[in-house]
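Okay, structure first, notes after.
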Ligand code: GLY
């Protein structure tokens, strides 16, 4: 047999292995390989549902609908049909990459000063003001209509059955409930801020002693099963019109902390938007991500582009102080631009092409030296229109990432969210409402009175950090599907996963196991290692080496949830008879999956 790897990572793979970067720690998770299809999610039940749909002939989009509806049940702190999502999708039949913006929208009545007197982030989060019009139901319907293969109703069965029969509450959900309960000044009705909604309180909490229901509790959610039945039967209109929409608007307007202003018209008027992907080249690989209102595609692209411009500063392995230094400096520059320029491009002018312009990135990369540059100022990318003020917020995270490749060659990267843990904490018909609007800048102008690109405006979508990404090889074939939850750290997690695979030849699981580092134009954060989950390393030694370069370093826990699939295509000829007749040409596809054990990530497929 003559095996020729057609799509393969650069020769650095060998360099990396010889430098000791083949991870041999027996305790760490290792990559899963399949040949036909693969799904990676943050929860084993969601992964199983997706794998089942793929197995019975479903497309990546069919599997996504099953995964999304199960995640809304079993990982409700992160995602659900009351939230929003971004998708980057490769349609193999048409050899086309599209992105879908299913971001939540501000109500038509929203004004710029929405959060100015809301009493700070936590109070705004736990209120009706923070709820954006959800995008997930319309997203599922839109994607299925274009790219689905199995009957729509079939895709709701796994989540519906689990909601009716019950599932075991995870340790993660239980401990996050406990964390929020502990932040309440009192647990009495009328005095609770977190779980102030009596329905969510009863579902997640032992009401007699105000403790979180423990891991393993059998959770049954009949209202959710009924909502799914309505969606399965009537489509997304069942959510955006009629009794479900009326209940959402009533819950927002009747919020026990601060009432919001979402109306049934806001729900009826919601639309998802197909947008051009934001693409750039990194070391010959085409990296495509989500454009505005997400800052993800631009910031990930800038980090990679800035790094490529400085080979002189690149280290020899992922935890080499030089690699970490270069990555963090690129992060500083990327976050300075992101904070200044990115908002919903339907409302503000975002210099998308200019931010990834090769000349601009080369100029910006020249600002990187061997020592920490300190707070970076934004640059002036080609295409900037008028002055604007920055929005620097570092966000909490209630988000999940799903990566899927199907047997037809389609690839789907989706990051999906209710924003902070358990969204705004209010449950309607078995699902939680989001608090996505706290992703807007609370201040409409900066100190000089310049309008902030990410200020609140009616019907606008708040800026996101979600970075669903597809990477293509020189022949245009999908070679990597990646993305993560983690608030604004998503950008660093995703960019680092790409560097780990492309530059250092790590497989997806090895890439995930490497401790994280980043700088969001403030402190340099490096990850405290987690035994058995991340690669062991001397974090203090790395911090000392970075401090010698002028960094202010924090060694902290991280909450990534990377879901990565690598696609390796190979072609070979199998010899037949001696005269060469019968020589057969074979095409072989290997899918290599990595899931983040910092969460409950799992890989499924065949
Ligand atoms: N709510 C998280 C994000 O959109 O970045």
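Inter-label distance, residue 122 to residue 274: 4.5 nm, where each label sits 7 Å from its Cα along the C-beta direction. Between residue 209 and residue 175, full extension at 0.36 nm per residue minus the direct alpha carbon distance yields a gain of 10.7 nm. Here the calculated FRET efficiency for residue 362 and residue 184, from their Cβ-Cβ distance with R0 = 51 Å, stands at 0.50, rounded to the nearest 0.05. Shown is the FRET efficiency for residue 380 and residue 164, computed with R0 = 41 Å from the Cβ-Cβ distance and rounded to the nearest 0.05: 0.10. Calculate, for residue 541 and residue 30, the FRET efficiency according to 1/(1 + (r/R0)^6) with r their C-beta to C-beta distance and R0 35 Å; round to the nearest 0.05. Efficiency for this residue pair is about 0.85. For region 187-250, the Kirkwood radius over C-alpha pairs fed into Stokes-Einstein at 10 °C and 1.306 mPa s yields D = 115 µm² per second. For the peptides 562-569, 521-528, 548-555, 218-225, the ranking by mean Cβ contacts within 10 Å, running from highest to lowest, is 562-569, 521-528, 218-225, 548-555.
Over every Cα atom in region 322-447, the radius of gyration and the widest Cα-Cα span, Dmax, amount to 18.4, 55 Å. Only helices enter this figure: runs of n ≥ 4 DSSP H residues, each worth -39500 (n - 2.57), summed and divided by the residues of the chain, yield -9000 deg cm²/dmol at 222 nm to the nearest 500. Over all pairs of different C-alpha atoms, region 387-477 has a mean inverse distance whose reciprocal, the Kirkwood radius, equals 15.9 Å. Quick check on region 118-167: take the gyration tensor over C-alpha atoms, sort the square-rooted eigenvalues as a ≥ b ≥ c, and tell me if it's rounded (a/c under 1.5), prolate or oblate. Here region 118-167 falls in the oblate category. Remark: region 474-545 is approximated by an ellipsoid whose semi-axes, taken from the C-alpha gyration tensor as √(5λ), come to 23, 15, 11 Å, largest first.
Computed from label points 7 Å out along Cα-Cβ, the spacing between residue 353 and residue 146 is 2.2 nm. The distance linking region 383-459 with region 461-503 is 17 Å (Cα centroid to Cα centroid, whole angstrom). According to the Cα-based calculation, Rg over Rh for region 29-118 is 1.10, with Rh computed by the Kirkwood formula.
Under the simplified labelling scheme, the residue 220-residue 55 pair shows an inter-label distance of 2.7 nm, with each label point 7 Å from Cα along Cα→Cβ.
Separation of region 65-113 from region 342-371 is 26 Å, based on Cα centroids. Using equal-weight Cα scatterers in the Debye expression, the normalised intensity of the chain in log10 at q = 0.05, 0.07, 0.09 Å⁻¹ is -0.20, -0.40, -0.66.
The P(r) of region 53-188 has a tail past 27 Å containing 37 percent of all C-alpha pairs.
Annotation for region 229-254 versus region 519-555: alpha-carbon center distance of 46 Å.
No lab work stands behind these numbers, since they all come straight from the coordinates. Please read these numbers as outputs of a predicted model, since none were measured by experiment. Every residue, glycine as well, gets a Cβ built from its backbone with ideal geometry; the counts of neighbours run over all protein chains shown.
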